[in-house]
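Peer 1: Would you mind keeping the following structure in view while I ask a few things?
The values are calculated or read from the model by the stated rules, or taken from the named source; none is laboratory data. Remember, predicted model here, so these are calculated numbers, not experimental data. FYI the Cβ positions are ideal-geometry reconstructions off the backbone, even for glycines, and counts take in every protein chain you see. When the accessible area is computed, the model is the full protein with side chains, heavy atoms only, and any ligands, DNA or RNA have been set aside. Shrake-Rupley method; radii C 1.70, N 1.55, O 1.52, S 1.80 Å.
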Amino acid sequence: MAKRKVATKAEKEMITRFVHAFIVSEIGNEVFPEHAKSYREHMRKEFPEGFRLLDEFQKAVPRIRKQVLKAFQEHKDDENA
């Protein structure tokens, strides 16, 4: 992966789609709390590319958190040995 100081145009576009889906989902929860699930499903159909990124992000967070915590714990154990 390139070590750039700024995001590429493609990276910025991907981030914009992801953030848009995130904001739509959050606003839907606040504005339509009783209809939040159906609203998200509707927006998922209207804006699939953004919600696909959001879904993958939400799946990745617990998996990566577990990996990072394991790595930190192994590093801590090595220091204490």
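Peer 1: For residue 7, only one of the following conditions fails: (1) out of contact with any Leu (no Cβ under 7 Å at 6 or more places or on another chain); (2) surrounded by 10 or more Cβ atoms within 10 Å (Cβ to Cβ); (3) in a helix (DSSP H, G or I). What is its number?
Peer 2: (3)
Peer 1: Among the residues in region 55-78, are any among the charged types (D, E, K, R), open to solvent by less than 80 Å² (accessible area, probe 1.4 Å) and modelled with pLDDT of 85 or more?
Peer 2: Scanning region 55-78, I find at least one residue that is among the charged types (D, E, K, R), open to solvent by less than 80 Å² (accessible area, probe 1.4 Å) and modelled with pLDDT of 85 or more, so the answer is yes.
Peer 1: What pairs come up if the first residue lies in region 12-40 and is free of Cβ contacts under 8 Å to residues at least 40 places away in the same chain and over 11 Å from residue 54 (Cα atoms), the second is open to solvent by 90 Å² or more (accessible area, probe 1.4 Å) and outside any helix (DSSP H, G or I), and their beta carbons are under 9 Å apart, counting only those six or more places apart or on different chains?
Peer 2: The qualifying pairs are 12/6.
Peer 1: Could you go through region 23-35 and let me know if any residue there is modelled with pLDDT of 85 or more, assigned to a helix (DSSP H, G or I) and among the hydrophobic types (A, V, I, L, M, F, W, C).
Peer 2: There is at least one residue in region 23-35 that is modelled with pLDDT of 85 or more, assigned to a helix (DSSP H, G or I) and among the hydrophobic types (A, V, I, L, M, F, W, C).
Peer 1: Please count how many residues of region 53-79 are polar (S, T, N, Q) and over 15 Å from residue 19 (Cα atoms).
Peer 2: 2
Peer 1: Here is a check on your reading of the model: is residue 47 on the phi < 0 side of the Ramachandran plot, of a type in the set (Phe, Trp, Tyr) and out of contact with any Lys or Arg (no Cβ under 6 Å at 6 or more places or on another chain)?
Peer 2: yes
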